[in-house]
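Asks: Below is one structure. I have some questions about it.
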Amino acid sequence: MIANDNLIIRTIQVGLFVALFGAWYFATRSGAAPLKLFLPAPELVWREMGVLLRSGQLWSALYVTITSIIKAYIIAVVVGIAVGFVVARSRTLVHMFEPVLSGMFAVPLTMFFPLFVLFFGIGPDSKVAYGATYAFFPIALNTIAAFSNVDDLYLRASRAMGASSWQQFRYVYMPAALPVTLTGMRIGFFICIASVLGGETLAATAGVGRATALAAELMETARLYAWIAFVVCMSVMLNLLALAVETRSERE
Amino acid sequence: MEFPGRDPSQRVLALDDVSLDIRRGEFVCLLGPSGCGKSTLLNIIGGMLTQTSGSATVNGTPVTSPRPDDIAYVFQESTLFPWFTVLENFRLALKFRGVEDANWRDRAMQSLSAVGMEQFASHYPKQLSVGMKQRINLARGLCVGSEVLLLDEPFAALDEQTRMVLGEDLSILLARRGKTIVFVTHSLAEAVFLADRIVVMTARPGKVKASIEVPEPHPRSPDFMLTDAFQDIRKELYGLLRDEIRQTVAAMRVARDAQA
């Protein structure tokens, strides 16, 4: 029964994609000239993807983008968790900083992107700084929530059992705070990817985002779709990676 | 013992002039209406709270902070850490106390089998029922081997039947070990069934109203509950408590009306 339901669900999921691609294919067959310009036939896109892959343009762009994402994410995680942990140590600090941080996170930081370019240049550094800043907020906020909401019962119990403050941190605070911190890290990860790619499309000299924006500016729509397809693939892979890391750390 | 509250009008005098001597190996139940300061008293004995005046001493030394070497604490709710298995929880308790050694596992398994839970050693707390968790919680309190055991309504979250069975088990367990126990409860029957001595407290601020001995050797069988001796003590306790409970209820009404 359940296996059957799963089959139906999978069929519908695959069916949606097939329908989408089918619609795309038939639209380009029958469409008018302007539509053809904005929506190139699937086989043209496919051919462009091959060109990008063989010429090495894909790899050099991916290299820039992925290293930027990794750098930005590491900075965001380290600083976010450190700040979150320190703030969560005292109720006063939480009252002081939690509203400030969540208020700043609510501001669309995209508007500040030009400033990042001014400060860090048009190279990858501005994207790293921008991605790190944006991803910092959810990570710090979730870390604060995680560490300041540890059930008092467990703290009292561990104190009664004679736990030292290091033991209390290692065996009570850390495992209790892990799930919510991990959620923050996952949100931060996607925000980091989106910010770096978004930044690249706005102002950059290299990277997948830059290449996509350039193809659009030059009206090379087949190439544009090819880049978009690669970005989709990259996002799916990174998503799977994040999921694998998360399930592993949850099991531990 | 006085709690400051947010402003002077909210100051609460929880315990007033409480004097209590507990002999080594004695099982004492603290009985009293809700809010009379039973748990506060237990927290002071355990070093979890510092009293505003007076002193608490265990084995002749004043208690100012938790003393896991002498005192183990069993809370109302299960305090098994949900992120560790049952066995890991025992290991941690021993580690916290600083007595983790090579045969910690045997020691933990022994305590678990004493409460009939040895087959659940590798389960996580969330896989167990409330009654099972509290059973294991109790076993963990016994496992660390401290001389004094403080139990803060350990069976409050359990249903009547589980309560009875656990109470009986506790009586058997403790008869073998000769620990000193202070047990906070609301239940008259539980108090009479378990305690060597029942300390009845007054409504807030808590004072010692009466101290009643239960001259029945441990382990006690459920038949004890059917005896006249049991019923007589129970009736006596009820008489003592009734006025205090009325007072508490009246005080709650006054507080409610004052708010409204």
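Asks: Just give me the residues in the stretch A:198-224 being surrounded by 23 or more Cβ atoms within 10 Å (Cβ to Cβ) and part of a helix (DSSP H, G or I), in sequence order.
Replies: Answer for the stretch A:198-224, where residues must be surrounded by 23 or more Cβ atoms within 10 Å (Cβ to Cβ) and part of a helix (DSSP H, G or I): A:Gly199, A:Glu200, A:Val208, A:Gly209, A:Arg210, A:Ala211, A:Arg223.
Asks: Here's a check for you: in the stretch A:153-170, which residue that is touching a Ser or Thr at 6+ places or on another chain (Cβ under 7 Å) and buried (at least 16 other Cβ atoms within 10 Å of the Cβ) is farthest from the other protein chains (Cβ to nearest Cβ)?
Replies: A:Gln168
Asks: Looking at (1) more than 19 Å from the chain's Cα centre (by Cα); (2) open to solvent by 30 Å² or more (accessible area, probe 1.4 Å), can you tell me which one A:Val45 breaks?
Replies: With (1) more than 19 Å from the chain's Cα centre (by Cα); (2) open to solvent by 30 Å² or more (accessible area, probe 1.4 Å) applied to A:Val45, the lone miss is (2).
Asks: Can you work out which of the residues in the stretch B:31-85 that are surrounded by 23 or more Cβ atoms within 10 Å (Cβ to Cβ) and in a strand (DSSP E or B) is farthest from the other protein chains (Cβ to nearest Cβ)?
Replies: Ranking the candidates gives B:Leu31 first.
Asks: Still on this structure, I have one more. Tally the residues that are over 14 Å from A:Glu48 (Cβ atoms) and either of a type outside the set (Asp, Glu) or touching a His at 6+ places or on another chain (Cβ under 9 Å) (or both), restricting the search to the stretch A:209-218.
Replies: Result for the stretch A:209-218: 3.
Asks: Just wondering, is there one or more residues in the stretch A:139-152 that are open to solvent by 30 Å² or more (accessible area, probe 1.4 Å) and within 25 Å of the chain's Cα centre (by Cα)?
Replies: yes
Asks: Restricting to the stretch B:117-127, give me the number of residues that are in contact (Cβ under 8 Å) with a residue 40 or more places away in the chain, closer than 19 Å to B:Leu142 by Cα and not in a helix (DSSP H, G or I).
Replies: Residues in the stretch B:117-127 being in contact (Cβ under 8 Å) with a residue 40 or more places away in the chain, closer than 19 Å to B:Leu142 by Cα and not in a helix (DSSP H, G or I): 0 in total.
Matching residues to (1) touching a residue at least 12 places away in the same chain (Cβ under 8 Å); (2) open to solvent by 70 Å² or more (accessible area, probe 1.4 Å):
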position	(1), (2)
B:Ala189	yes, no
B:Phe193	yes, no
B:Thr202	yes, no
B:Pro219	yes, yes
B:Thr227	no, no
B:Arg234	yes, yes
B:Ile245	yes, yes
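Asks: Find the helices (runs of 4 or more DSSP H) located wholly in the stretch A:87-182 whose residues include 3 or more that are within 29 Å of B:Pro82 (Cβ to Cβ), among the aliphatic types (A, V, I, L, M) and touching a residue at least 24 places away in the same chain (Cβ under 8 Å), and list them. Spell out the reasoning first.
Replies: On the way: elements: A:91-106, A:113-120, A:124-148, A:152-160, A:165-168.
Qualifying helices (runs of 4 or more DSSP H): A:124-148.
Asks: Another question about this same structure. Just to check your reading of the model, which residue among A:Ala194, A:Ala176 is in contact with a helix residue (DSSP H, G or I) (Cβ under 9 Å, 6 or more places away or on another chain) and either buried (at least 21 other Cβ atoms within 10 Å of the Cβ) or within 14 Å of chain B (Cβ to nearest Cβ) (or both)?
Replies: Being in contact with a helix residue (DSSP H, G or I) (Cβ under 9 Å, 6 or more places away or on another chain) and either buried (at least 21 other Cβ atoms within 10 Å of the Cβ) or within 14 Å of chain B (Cβ to nearest Cβ) (or both) holds for just one of A:Ala194, A:Ala176, which is A:Ala176.
Asks: For the stretch B:151-260, which helices (runs of 4 or more DSSP H) that fit wholly inside it have 1 or more residues that are over 20 Å from B:Asp16 (Cα atoms) and among the polar types (S, T, N, Q)?
Replies: Once the helices (runs of 4 or more DSSP H) in the stretch B:151-260 are filtered for at least 1 residues that are over 20 Å from B:Asp16 (Cα atoms) and among the polar types (S, T, N, Q), what remains is B:160-177, B:228-259.
The values are calculated or read from the model by the stated rules, or taken from the named source; none is laboratory data. Since the structure is predicted, the reported quantities are computational estimates derived from the model, not experimental observations. Cβ: placed from backbone, ideal geometry, glycine included. Neighbour counts: every protein chain shown. Each accessible area value is taken on the protein alone, full model and side chains, heavy atoms only, with ligands, DNA and RNA left out. Shrake-Rupley method; radii C 1.70, N 1.55, O 1.52, S 1.80 Å.
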